[in-house]
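Below is one structure, written out as structure tokens; the observations come after it.
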Amino acid sequence: MARKKRTHEEHTIDPAAQEMLYRADELGIGTAFSRADEMVPCNIGSAGMCCKICSMGPCRLTKDGQTGVCGATLDTIQARNLIRGIAAGAAAHSDHGRDMALTLKAVANDETEGYMIRDVAKLRMVASYYDIPIEDRSPKEIANDLADLYIAQFGQQHGKVIPVIRAPEKRQKVWEDTGVMPRGVDREIVECLHRTHIGDDQDPEHILQHAVRTAIGDGWGGSLIATDVSDILFGTPAPILGQANLGVLKKDMVNVVVHGHEPTLSQMVVAASQDPEIIEYAKAAGAEGVALSGICCTANEILMRQGIPAAGNFLHQELSILTGAVEAMVVDVQCIMQALTNLASNFHTQIITTSPKVKIKGAMHIEFDEHKALTIAKQILRTAIDNYKNRGEIQIPDATEDLIPGFSHEYINYMLGGSYRASFRPLNDAVMSGRIRGVAAIVGCNNPRSTQDYLHTYVAEQLLKQDVLIVETGCGAIASAKVGHLLGEAGLDQVGPGLREICETIGIPPVLHMGSCVDNSRILTVLSQVVEEGGLGDDIDQVPAVGLAPEWMSEKALSIGTYCVASGVYVIFGGSSPVSGMPDRVSDSDVVAKFISEGWEELYGGKMEFIPDPDEMVRKSLEHIDKKRADLGLPEYDPERYGQSGDARMLELEELPFAERRAAVYGVAAD
Ligand code: SF4
Ligand code: MSK
């Protein structure tokens, strides 16, 4: 039975996306939105109640007391399914981290083409965390040692994954005491697969403890390494003007869209696209030049460093091709739909795979090799330019929105105190006083089973009104960009009075774009520094903060959610729960759901819940933030106390006669 076919206004809140979906209808082309309507999700599998680990099954447990052929109970099956998802997510992020560390090693040894160490200050700072000598040494010498140390974290067998020392001391002790300190990034991921093989670990709580260990190895290991090395090689992001949405595609230029996650190739494509030889080649082909844009987290990587526009988030990958204006979509790893090649066959678009790990039937493969990165990037661009002549009818939505991305941990530190007094003190003070009620990280994907961008932006808007400062990464950040939340003053009319004062005083948007999905590690280190600064407790679980992934879909999101919980954060996922069970049919089918909420909260102070209703997400977020405020003895949140300063108030005062203005400012009688 097919699901009810939704209207395009129900598919997405983005008018540019709606326009492309109508074009798809006219052309008779399907997209992820229409396939989601046609594909009825299996209610047993989606509730985590199906096991297909061995060929005695698949076993579907839908009745009270039922077990699999091997005797596996429902809670064991749900825990095994969940940990396998977390392992895959951790593997994806961490393998990305490994590749970045290997690239750093190659750059340090002059084995690459086109790369350099761009952020020596960050290299020295990161090296010093691990006592790598930095004085009187060249950047390459330091980078060599750091690369060796980072590469070793993946195959390490004993001890602890070294970047965890950047977590608050109390948090590290929690992990030691509960036995979840990750030994080596790869070791924990492999052990997930071993433990969930037929006939291994069958105690759901024991299985899920290892899920936590694996996820910490991702967040505080592989992902943190990926972020550090990306910053060292390509520069630590700082605010820069960018644009988002399909209108960034150019009518008279060769459009090349980079999509995926790893910045190594995309950074080189950026460099190659600005090469006079490539621009001339494009002009000779009748175009005005090469217009580069991004999708998904590759978009975030080049947007926050070079201001290269983002054509959109996850669900825009097909829609960008539907414009007919994309000469090449260059993909690397993760979140690339197999549907792209079939869709592209309706147009002239060339899909180019580049990673040795990813090939798609029907795509051209130009394998990336860091030793000749610039040469390969130029080859890719020439292929795209050669394709310009094949372009047919195009329809580019007239939709772009400006944004300011680039709020890295380092930049937030700088913006709060300047070069000489860089500090989180003003942020902590603002939370302590109640001007900022708390902080929410809204992260994660799009999912065609919910209305694209709606949950992200609705939840963000509700929390902003309640003086909650928001940080974002991944496709959620691009959703906010498309509706204008990532612009300085532009979003402030939707913001509560205390948060508005802070944004105006510091000169920041109320929603801070912190990077790609692997950069959720930046949120971890920011939370660490908030704790270190003092006044908001001595561990992350005491900070009035929540994490939300309203439109999640990927296994990486599960790993991110788990390492945030392990770090002490309350994490709310929207959409459906992979461990929901069917409480109406199987009485104890919520054992795992309860453990990852109440059980994990007891152990780590953070908990994971799946809440489909956005108003309930907001209510629970605020309830949690207020509870943390009360536990810290902070004043109760009261919006009436603020809003009497800041730019808006200054403008109001300017309108008043002098006596009244003086009275308002100094609290004296008007006459
Ligand atoms: Fe069925 Fe057990 Fe095999 Fe899973 S491991 S498929 S529950 S027999
Ligand atoms: S790309 S993992 S859809 S955030 Fe990082 Fe977006 Fe989610 Fe992929």
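The values are calculated or read from the model by the stated rules, or taken from the named source; none is laboratory data. Quantities reported herein were computed from a predicted structural model and do not represent experimental measurements. Note that each Cβ is placed from the backbone with ideal geometry, even for glycine, and that neighbours are counted across all protein chains shown. Just the protein is used for accessible areas: all its heavy atoms, side chains included, with ligands, DNA and RNA removed. Shrake-Rupley method; radii C 1.70, N 1.55, O 1.52, S 1.80 Å.
Can you confirm whether Ile442 is touching a Ser or Thr at 6+ places or on another chain (Cβ under 8 Å), β-branched (Val, Ile, Thr), within 12 Å of ligand 2 (Cβ to nearest atom) and under 22 Å from Gln334 (Cα atoms)?
So Ile442 fits the description; yes.
Please find, within the range 256-307, the residue that is nearest to Asp369 (Cα to Cα) out of those that are of a type in the set (Ser, Thr, Tyr) and away from ligand 2 (no atom under 16 Å from the Cβ).
Ser273
Among the numbered criteria (1) part of a loop (DSSP other than H, G, I, E, B); (2) away from ligand 2 (no atom under 16 Å from the Cβ); (3) not basic (Lys, Arg), which one does Cys335 miss?
Among (1) part of a loop (DSSP other than H, G, I, E, B); (2) away from ligand 2 (no atom under 16 Å from the Cβ); (3) not basic (Lys, Arg), the lone unmet condition for Cys335 is (2).
Identify, by number, the condition in (1) open to solvent by less than 10 Å² (accessible area, probe 1.4 Å); (2) closer than 30 Å to Thr12 by Cα that Thr227 doesn't meet.
So Thr227 meets the others, but not (2).
Tally time: how many residues in the range 164-195 are open to solvent by less than 10 Å² (accessible area, probe 1.4 Å) and in a helix (DSSP H, G or I)?
Counting residues in the range 164-195 that are open to solvent by less than 10 Å² (accessible area, probe 1.4 Å) and in a helix (DSSP H, G or I) gives 6.
Scan (1) more than 16 Å from ligand 2 (Cβ to nearest atom); (2) in contact with a helix residue (DSSP H, G or I) (Cβ under 7 Å, 6 or more places away or on another chain); (3) in a helix (DSSP H, G or I) for the single condition Glu19 breaks and write down its number.
Only one criterion is unmet by Glu19, namely (2).
If you go through the range 448-457 one residue at a time, do you hit one that is touching an Asp or Glu at 6+ places or on another chain (Cβ under 7 Å) and within 21 Å of Val248 (Cα to Cα)?
Yes: one or more hits.
Helices (runs of 4 or more DSSP H) wholly in the range 425-501 with at least 2 residues that are surrounded by fewer than 24 Cβ atoms within 10 Å (Cβ to Cβ) - which ones?
Answer list for the range 425-501: 425-433, 454-465.
Gly217 is checked against (1) under 30 Å from Gly537 (Cα atoms); (2) surrounded by fewer than 24 Cβ atoms within 10 Å (Cβ to Cβ) and fails just one. What number does that condition carry?
(2)
Rundown of residues vs (1) aromatic (Phe, Trp, Tyr); (2) within 16 Å of ligand 2 (Cβ to nearest atom); (3) open to solvent by less than 80 Å² (accessible area, probe 1.4 Å), yes/no style:
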{"position": "Ile29", "(1), (2), (3)": "no, no, yes"}
{"position": "Phe33", "(1), (2), (3)": "yes, yes, yes"}
{"position": "Ser46", "(1), (2), (3)": "no, no, yes"}
{"position": "Ser55", "(1), (2), (3)": "no, no, no"}
{"position": "Pro58", "(1), (2), (3)": "no, no, no"}
{"position": "Asp64", "(1), (2), (3)": "no, no, no"}
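Is there a residue in the range 103-111 that is of a type in the set (Ser, Thr, Tyr), under 24 Å from Ile165 (Cα atoms) and in contact (Cβ under 8 Å) with a residue 60 or more places away in the chain?
Yes, some residue in the range 103-111 is of a type in the set (Ser, Thr, Tyr), under 24 Å from Ile165 (Cα atoms) and in contact (Cβ under 8 Å) with a residue 60 or more places away in the chain.
Looking at (1) under 20 Å from Glu501 (Cα atoms); (2) more than 16 Å from ligand 2 (Cβ to nearest atom), which is the only condition His409 fails?
(1) is the only condition that His409 fails.
Which of the helices (runs of 4 or more DSSP H) found entirely inside the range 542-615 contain at least 1 residues meeting this: at pLDDT 95 or above and within 22 Å of Lys63 (Cβ to Cβ)?
Correct list: 591-594.
Give just the number: which of (1) without any contact (Cβ under 8 Å) to a residue 60 or more places away in the chain; (2) of a type in the set (A, V, I, L, M, F, W, C); (3) in a helix (DSSP H, G or I) does Val40 not satisfy?
(3)
Any residue that is in contact with a Lys or Arg (Cβ under 9 Å, 6 or more places away or on another chain), closer than 18 Å to Arg522 by Cβ and hydrophobic (A, V, I, L, M, F, W, C) - is there at least one of those in the range 449-469?
yes
Can we say Thr67 is of a type in the set (Val, Ile, Thr) and within 30 Å of Gly219 (Cα to Cα)?
So Thr67 does not fit the description; no.
Just the residues that are basic (Lys, Arg) and free of Cβ contacts under 8 Å to residues at least 40 places away in the same chain, please, taken from the range 246-305.
Result: Lys283, single match.
Taking the condition of being buried (at least 20 other Cβ atoms within 10 Å of the Cβ) and not in a loop (DSSP other than H, G, I, E, B), how many residues in the range 196-208 meet it?
3
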